[in-house]
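Take a look at the structure set out below.
Rule-based calculations on the coordinates, nothing more; no lab input. A quick note: this is a predicted structure, and the numbers were derived from the prediction, not measured. FYI the Cβ positions are ideal-geometry reconstructions off the backbone, even for glycines, and counts take in every protein chain you see.
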Number of protein chains: 2
Amino acid sequence: MTPQTSTHTAINWDAFATELGDIETIRDPIQVAKLSKDYYYFSPILKTALDDKTGDLVVRPKTEAEVLQVARACVANRVPLTVRGAGTGNYGQAIPLEGGVILDLTAMNAVKWVKPGLACVEPGARLAAIDRITRPQGWEIRMAPSTYRTATIGGFIAGGSGGIGSVRYGQLRDRGNLHALRVVTLEDEPRVIELRGDAVQQVNHAYGTNGIITELEIPLGAAYPWAEVIVTFEDFMTASRFGQRLGSSDGIISKLISVHAWPIPSYFAALQTALPAEQSAVLLIVSESCLEPLGELVKEFGGTITAEKGAADSKGSALGEFTWNHTTLHARNVDPSLTYLQTLFPYDPELKLLEEMYHHFGNEVMMHLEFLRVQGNIVPAGLQLVRFSTPERLDEIIRYHEDRGAFIANPHTCILEDGGRKRVDRGQLAFKAKVDPYGLMNPGKMRGWMEGSE
Amino acid sequence: MTPQTSTHTAINWDAFATELGDIETIRDPIQVAKLSKDYYYFSPILKTALDDKTGDLVVRPKTEAEVLQVARACVANRVPLTVRGAGTGNYGQAIPLEGGVILDLTAMNAVKWVKPGLACVEPGARLAAIDRITRPQGWEIRMAPSTYRTATIGGFIAGGSGGIGSVRYGQLRDRGNLHALRVVTLEDEPRVIELRGDAVQQVNHAYGTNGIITELEIPLGAAYPWAEVIVTFEDFMTASRFGQRLGSSDGIISKLISVHAWPIPSYFAALQTALPAEQSAVLLIVSESCLEPLGELVKEFGGTITAEKGAADSKGSALGEFTWNHTTLHARNVDPSLTYLQTLFPYDPELKLLEEMYHHFGNEVMMHLEFLRVQGNIVPAGLQLVRFSTPERLDEIIRYHEDRGAFIANPHTCILEDGGRKRVDRGQLAFKAKVDPYGLMNPGKMRGWMEGSE
C-alpha cells in the first residue's frame, strides 16, 4: 500500500466547476469558507489549528449519478474531496485540511422508503425531517445529536457516535444501529459499493475518509409519546444516582437522561423559571405514559419536578437542545472561555469514579452527564465543561481521568484515531486503500493512512 | 391485629347461591373441582398437598357491582373467597385450601380504553385478547407468560412475575409495569379502593389474598413486527453466552431469548425439523427489522439458524409456547416424572455460576434459561428441568444453588412468602388487615397473616 498525496495546487477551479456541467457549485469565497467549517471552535485547540482551513470549491450534487461525476473529476485531477452534511460536528470532521472540493450532500435528502422499524434515506436528509415522515407511521430515528433539527443522517453516521435515544439503543457503532450503506469510491473508475451487516463498520464513523455515502438503511425505534420533564436536586450526586436508577428502571421508557451540576443550569437562559439557584438539574425525555411511575421515582430520590410538558407540547424536542453538546453551546454563549471533555465512565451502579472526579476537580471541570447504554449497561458519559487555561493543563486533566479508568474521547483533535477510537481500525484502513487509492478523501484525518504513507 | 378464621362449614350452598340472585353460579361438583385447580401438578410436592382441595361454589360475576354483592355475601356468611382467572398458575395460587367460593373473573373481560402506551382493562381479559385490540394501534402488553393465549391479565398480575417481554421491560414488580388497580374489599361493608403509583404494590402479586382486582391500568410496549427464530449451537455454554450477548445488544430489539440444553429440545415434538440431535437450542422473538444484525451475531458465535418466521407468519407467538413454563409442560408430556426449578442467577456477563451449576448437576438438572432484565442488567433465569427423586433431594438441589448465590423462587410451595418473595411484605400484610379483617381471602396462602394470627 503506497498511498499518494494530492497535488491539486495548480487546479483551475473555474475550469473544474465547468467540467461538472449542471451540478451546483459555489465559488464565492465567503460561502466556501463558511461551508468549510463546523463547530470545531468549541475546542480552543482545534480553533487555533483549523481557523485558516478552507476548501476551494463547494459542489452540491442532487443524485448519486452526480456524485459519481464529481468523484471522477476529483480522481482525474487528483483533487481532495471532503464530504459535508450540515456541518454540525465538533471535531473539524468536515473541515478540509488540504483544500479542494467540499462535497455538500444536503441536496440529496430523500426518504426513499419506510418499513416497520427500518428506513432507507439519502445522506442529506435532516434527522428531524426523517422523523416527520416516519412518526405518523409509529417510528422514529433511534438516536440523534442535540443538533437534531439541522444535522443530516449522513453527517451523523460519518461523524457522530450517539445522542438523545442512546439511553435506549446504545451508540451508532453498536451492531444493529446501521443496516446498510451505499458508497461511491474514488478509484480510477469510481463506482458504487453496497455494504450490509457488519460490513458497514468499514465506513461507519470514518469521517468520510473512505467513501462517499449516498444512501443509508437505518433502523427505527418505536415513536413513544415523548414528554419532557425537568427535575432538580439539592446535590449533584443524588441527581446522578437518580439518573442511573432511572436508566436502569426497566419499566420506565426513557429517551434522554441529562444531568447538570450547578452552575451549568444557570447557562440555560430559556429554562430559568424551572432551574432554581444552586440546584443540580436533570433534563428528561420519557414516554408520557410513564410520567406516573417517574413521579414515584423522583419522590424516592427527594427530587422536585419543576417543569413537565406532555407529548402534545413537546414537538421538536426543545429540551434536547439543552443537552449533549448543546449544553456546551449554551455555556460558551455565556462564557466563551469554556470548553469540554467527552468521558465514558466505567459501568458502576455506585458511580464511585464519577464521585471522585466530581470532588477532585470542583469548579474547574463542571459535571454534565448524559446516560447511555453500553453493552446493555447504563453508564454516564461526561460532557464536562472545562475552564480552559492551557493546553498542558487540559492534557493533564485528560490524563488524570484516563489513569483512573475513565475513557476520554478527546474532542480536541480532528484525527479519527486520536478522538474516540484510540486505535487504527484495520477494516476501515483496508477499505480506504481499496476505494481511495490516491488518498483524496478528507486527507489528514485518518492516522492509520498517514502512518502507512510515511 | 387479630384475624379471625372462617367458619363456613355449616353453609347451605344452595341458599348462598340463591342469595346471589342473577349472578352466574356453578354447583356441579365436577365443574367446581375443575375450576378449583391450576397447573400445580408440575410440582410433585404440590400435587400431593393440593390434590384434594376444592371449592364449594363457583361464582362468575360480570360487573364490579356483582363482585361487591358476592363480597357482601361472603363477609356476611364468613365464607372464604378465592379469586381465579384462567387457572394457568403453577403454584396453586388459585386453589382454595379451605373450600368456599371460587370467584371466577373470566366474564369481566372488557378492554375499557387504550391510550398510547397505556390501557385500562378488566381482570378477566385474556392477554392475547388485549393485544388483539391494542396492536392495530401500535401497542401491546409488555410481557406475558407462555400461557398468553388463555391467561387473564388479573391472574397474571396476582400470580405471575414476568415472561416473554421481560428481556425488554423487566418484571411485573418493577416500577412502571403496573399503573393502577381497583380492588373490592371484604370488609363488613365491602367497597372499592383505587390504588395508583407505588401503592399498587400492596396488591401486586399477592395471590388475591388482599383484595379482588376489578380493574387494572397497565402500561403497553411498542408492537414491533416480531419474527421468530431458532438458533442451534454445538454446546450449551456457547448458546448461553450468545443469549447473554444478544440481550445486551442495545441495537437489536429482542422480546424472547430462551436457551435449552440438550435433551430439552427433544421434547418439542412440533419443532423437530429445526432441532438437530445433541444441539442446544435458542428460541428467539426479535423485531423482524433486526434479523440482519441478528444474523451477524449468530455468525460471530458459530450458531446455525434452523428456522425463521417473519412477522406476518408469527401471529399468536407460536414459538413462545415452547418457552418459560411451557417448556416444563412439553417435557412432562414426554416424561411426567420431571419437575422444575425457578432460579435467578446473579448478574455476571461471564455466566460463571451458571456454568458451574450446569457441570455440577449434569443430566439431573437440565438447563433451561430465560433471559430477562433485572435492574437494567441482562441475567438468565433458570427454569431447569429436574429429574425428581425425593423431596429431600429436591431441597438439597435448591440449597446447593442458594448457598452459591443463585436465588431460587421455589415453585414447590403455594405460600406466597415461601416462593419468590422470601420475606413477609409488610405493605401487603397491612393492606390485608385493612381490607380482609376476617381473613377470608385465599386463606392459607400468606404466611405473614397466618403467623400474625397464631
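Numerical summary
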quantity	calculated
Averaged over B:241-251, number of beta-carbon atoms from partner chains that fall within 10 Å	5
Range of Cα positions in region A:111-222 per principal axis (Å), largest first	43, 26, 25
Assigned charges on the beta-carbon of Lys, Arg, Asp, Glu; chain A dipole about Cα centre (debye)	640
Partner chain coverage, peptide B:112-121 - average Cβ within 10 angstrom	3
Packing-based exposure ordering (other Cβ within 10 Å, fewest first) of A:Tyr438, A:Tyr340	A:Tyr438, A:Tyr340
Mean separation of Cα contacts under 8 Å, 6 or more apart, over the residue count of region B:135-281: relative contact order %	24
Principal axis dimensions, region A:226-408 - Cα atoms, whole angstrom, descending	48, 34, 27
Residues A:Phe16, B:Phe388, A:Phe301, sorted so that the one with the fewest Cβ neighbours within 10 Å comes first	A:Phe301, B:Phe388, A:Phe16
Centre separation in Å (Cα based) which lies between region B:397-422 and region B:147-209	22
Per-residue mean of C-beta atoms belonging to partner chains within 10 Å, peptide A:171-183	4
Mean Cβ count within 10 Å, highest first, over the residues of peptides B:84-90, A:389-395, A:401-407, A:40-46	B:84-90, A:40-46, A:401-407, A:389-395
Cα gyration tensor category, rounded, prolate or oblate, for region B:17-89 with a/c compared to 1.5	prolate
Residue-averaged 222 nm ellipticity for chain A, from DSSP H runs of 4+ at -39500 (n - 2.57), nearest 500	-7500 deg cm²/dmol
Surrounding net charge for B:Ile11, when Lys and Arg each add one and Asp and Glu each subtract one, Cβ distance under 14 Å	-2
Sequence ranges B:63-73, B:214-224, ranked by mean other-Cβ count within 10 angstrom, highest first	B:214-224, B:63-73
Amide hydrogen neighbours beyond the local backbone of A:Arg142, cut-off 5 Å, H modeled	A:Gly221
Global form of chain A, assessed from the alpha-carbon gyration tensor, a/c cut-off 1.5	prolate
From phi via Karplus (6.51, -1.76, 1.60), per-residue ³J(HN,Hα) for region B:183-200 in Hz, x at Gly/Pro	10, 9, 9, 10, 7, 3, 10, x, 9, 9, 10, 9, 10, 10, x, 4, 4, 5
Full-stretch length increase - A:Asp51, A:Phe301 - with 0.36 nm per residue and alpha-carbon distance subtracted	85.4 nm
Region A:226-408 - percent relative contact order, Cα under 8 Å, separation 6 or more	26
Overall form of the protein assembly as shown per C-alpha gyration tensor (a/c, 1.5; a/b vs b/c)	prolate
Euclidean distance between Cα centres, region A:25-96 to region B:334-392, Å	57
